[in-house]
1. Name the pairs whose Cβ atoms lie under 8 Å apart, with the first residue in the range 116-135 and outside any helix (DSSP H, G or I) and at pLDDT below 95, the second of a type outside the set (V, I, T) and surrounded by 14 or more Cβ atoms within 10 Å (Cβ to Cβ), and 6 or more positions between them or separate chains?
2. Within the range 9-21, take every residue that is more than 9 Å from the ligand (Cβ to nearest atom) and in a loop (DSSP other than H, G, I, E, B) and give me the one that is nearest to A76 (Cα to Cα).
3. Is it the case that A78 is touching a residue at least 60 places away in the same chain (Cβ under 8 Å), outside any loop (DSSP other than H, G, I, E, B) and within 28 Å of I3 (Cα to Cα)?
4. Given S71, S27, S50, which one is among the hydroxyl-bearing types (S, T, Y) and away from the ligand (no atom under 16 Å from the Cβ)?
5. Between L92, L72, L60, which is over 11 Å from the mean Cα position of the chain (by Cα) and either farther than 21 Å from V142 by Cα or part of a helix (DSSP H, G or I) (or both)?
6. Across the range 136-152, what is the total count of residues that are out of contact with any Phe, Trp or Tyr (no Cβ under 7 Å at 6 or more places or on another chain) and touching a residue at least 60 places away in the same chain (Cβ under 8 Å)?
7. Working only within the range 37-57, note down all residues that are within 15 Å of the chain's Cα centre (by Cα) and charged (D, E, K, R).
8. Mind listing whichever residues of the range 144-163 are of a type in the set (D, E, K, R) and either under 14 Å from R93 (Cα atoms) or not assigned by TED's automatic domain parsing to the domain that holds S99 (or both)?
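The values are calculated or read from the model by the stated rules, or taken from the named source; none is laboratory data. Just so it is clear, the structure is predicted and the values come from calculations on it, not from any experiment. Here the Cβ positions follow ideal geometry from the backbone for every residue, glycine too, while neighbour counts run over all protein chains shown.
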Amino acid sequence: MEINHNCPDCGENLSLDMDSAGITSCSNCGAQLELGDDAAANKTVRRVKSFGPRDYTDELLEKLNDLERNSLEESAIASGQGAYIASEFMSLRALESVSRRITNEGTWDNAIDRIEEQHGELSGYIGMLRDRRNEVAHPDAVESSEHLAERTFEQVKHTLDYLEDHITD
Ligand SMILES: [Zn+2]
């Protein structure tokens with residue numbers, strides 16, 4: 001079955017073969033598109049997410065709680081829809097939750113201070129993420145992009161990989 005659907009990236013009206021489920025690309029802008037169904041069984045076309053919880057090892061995912069895993073998934077979904085600040089906010093939210101859990105500190109700033117004390121080799125790196133979290137959480141002018149959303153997601157992942165031995169469920 002062919003349906004007409006607009007490309008979520010460039011708006012081009014595309015004729016898509018919904019029977020060939022899976023990934024296709026926009027004939028106008030080349031965006032990778034995923035065909036599927038939503039909860040009401042309507043046909044959907046979503047921008048393919050370039051990153052997501054699948055980038056994590058199973059061992060690490062199992063150490064995360066539901067909120068943290070959901071935050072990473074929502075980060076990926078938001079980026080796939082072009083909501084890049086929202087994407088960064090959600091991946092940093094996962095980091096905030098883990099940081100507060102492993103340090104028993106109640107605030108983001110105190111948790112990051114404690115991690116910097118205990119893991120000096122992380123300090124510049126996690127300090128950068130502290131600043132980014134404050135930028136995307138506050139309503140001053142802030143810009144993001146697919147590249148920045150992916151970079152933040154990857155930086156959160158590297159930090160959690162590093163801290164993995166300290167995370168207990
Ligand atoms: Zn397009």
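1. What qualifies is H119/Y162; H119/L163.
2. If we take residues in the range 9-21 being more than 9 Å from the ligand (Cβ to nearest atom) and in a loop (DSSP other than H, G, I, E, B), then A21 is nearest to A76 (Cα to Cα).
3. So A78 passes the test.
4. Of the residues listed, the single one that is among the hydroxyl-bearing types (S, T, Y) and away from the ligand (no atom under 16 Å from the Cβ) is S71.
5. L60
6. If we filter the range 136-152 for residues that are out of contact with any Phe, Trp or Tyr (no Cβ under 7 Å at 6 or more places or on another chain), which is where we start, we get 138-143, 147, 151-152.
Cutting the leftovers down to touching a residue at least 60 places away in the same chain (Cβ under 8 Å) gives us 152.
Adding up the residues that qualify gives 1.
7. Going through the range 37-57, the residues within 15 Å of the chain's Cα centre (by Cα) turn out to be 47-56.
Correct list: R47, K49, R54, D55.
8. E154, K157
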